[in-house]
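Have a look at the structure below before the remarks.
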């Protein structure tokens, strides 16, 4: 018969698994929504807003899931950046923005915009990991 600590540990693991599954499904939804208008010749006016919003949410949901699954255990910290390499980032959007800015305003402004995009993605990654860690602590996981 399992003792109380083992039952509580199973409940926490099940809650983490359920939250992770929900976040991954939300991530999949944003990936599909982001690609819905790509390559269409006559996309609606609001399609650009959906694409930009989904690009940011894709980064956030993936990093929150990584923070939730791996936790703050020092043993697993090296896996953070490896798992973040697997993320789907729509680079065609960033490439298009940098090209347009570089074409109309100059190369240095294009490079500056690329650096701003990278900074926003890094900030979203760190924020998502901290949200995942906070959710893991709220669920009662001991690391």
When you look at residue 113, is it in a helix (DSSP H, G or I) and under 25 Å from residue 47 (Cα atoms), yes or no? yes
Which ones in the range 86-109 are part of a helix (DSSP H, G or I), at pLDDT below 80 and either crowded, with 17+ Cβ neighbours inside 10 Å or touching a helix residue (DSSP H, G or I) at 6+ places or on another chain (Cβ under 8 Å) (or both)? 93, 94, 97, 98
Could you tell me which of the residues 28, 68 is in a helix (DSSP H, G or I) and free of Cβ contacts under 8 Å to residues at least 40 places away in the same chain? 28
Hey, can you tell me all the residues within the range 37-65 that are surrounded by 13 or more Cβ atoms within 10 Å (Cβ to Cβ) and free of Cβ contacts under 8 Å to residues at least 40 places away in the same chain? 37, 43, 47, 50, 53, 54, 55, 57, 58
Take the residues of the range 1-25 that are touching a helix residue (DSSP H, G or I) at 6+ places or on another chain (Cβ under 8 Å) and part of a helix (DSSP H, G or I): which is surrounded by the most Cβ atoms within 10 Å (Cβ to Cβ)? 23
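The values are calculated or read from the model by the stated rules, or taken from the named source; none is laboratory data. Here the structure is a predicted model, which is why all the values come from computation and not from measurement. Cβ: placed from backbone, ideal geometry, glycine included. Neighbour counts: every protein chain shown.
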